[in-house]
Amino acid sequence: MSLSSLCLSCTAGPAFRPIWRELCFYKASDLVLKVDFFKGAPKGFAHSVVSVLQYEVALAGDDIIVEGEAASAMFFVRKGTVAVITRAAGMVTTLPAGAYFGEIALLVGLLPPSALNNMRPVCTATIQAQEPCELFSLRKEDFESILSLYPTVMSRMEEVAKIRMKNTSLAASNRSAGGSTPTSLSTETRAAES
């Protein structure tokens, strides 16, 4: 049974839910554990994150997130390739299986409004599937709920959020001043280390 057909079967009844959770944990735990700002977190934290992930499929040409729209989730690419596209520069780079993007959506909610420098938590690029893709998404609300159970991780995430927002603000200023868009998009997208 493929992952997508298992996902569809889960809606048939509660008997499939334990199997789905285990399969999700197996498929997604490696992706979650590779995220640089999740490293060093307690094992229970990673398990909690994986338990709330949503499985998603995007077909070639589908926009997964759109530049300028409200940011509400982080995505992990399990299979396939996505393109990072900005209005200012067009297609900037691609992200392979194992990469993640959208972490700013999770992190911005951890900061007080004064730290945001009037920035809205919006997507800084459009991410488009280049081929059929399997993704796991982590919704902002779920992430914040999990963090409330792990105060040490929460304080680390707040520090990461401050750094990322500062870097994102600098990159946005550079783009609006006519500067080039960084080819690595280090503040907006991350390729998980192998």
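The values are calculated or read from the model by the stated rules, or taken from the named source; none is laboratory data. Since the structure is predicted, the reported quantities are computational estimates derived from the model, not experimental observations. Using ideal geometry, Cβ is built from the backbone for each residue, glycine included, and neighbour counts are taken over all protein chains shown. Side chains included, ligands, DNA and RNA excluded: accessible areas come from the protein's heavy atoms. Shrake-Rupley method; radii C 1.70, N 1.55, O 1.52, S 1.80 Å.
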Would you pull out the residues with amide H under 5 Å of Thr93's amide H, same chain only if 5 or more places away, H placed 1.01 Å from N?
Val84
What does the net charge come to around Leu149 if you take all other residues with beta carbon closer than 15 Å to its beta carbon, with K and R at +1 and D and E at -1?
-1
Testing the spin-label approximation: label points 7 Å from Cα along Cα→Cβ at Ala88 and Lys162. State their distance in nm.
2.5 nm
What does the charge count around Pro132 come to, taking other residues whose C-beta lies under 14 Å from its C-beta (Lys +1, Arg +1, Asp -1, Glu -1)?
-2
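Set the Förster radius R0 to 25 Å, insert the Cβ-Cβ distance between Thr152 and Glu22 as r into 1/(1 + (r/R0)^6), and round the FRET efficiency to 0.05.
Numbers: r = 27 Å, r/R0 = 1.10.
That gives a FRET efficiency of 0.35.
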Potential lengthening between Glu69 and Asp30 on full extension [0.36 nm per residue; Cα-Cα distance subtracted]
11.2 nm
How fast does segment 42-102 diffuse by Stokes-Einstein, in µm²/s, taking the Kirkwood radius from C-alpha pairs at 10 °C and 1.306 mPa s?
120 µm²/s
Solvent-accessible area of Met91, probe 1.4 Å, all protein chains present, reported in Å² to the nearest ten, please.
110 Å²
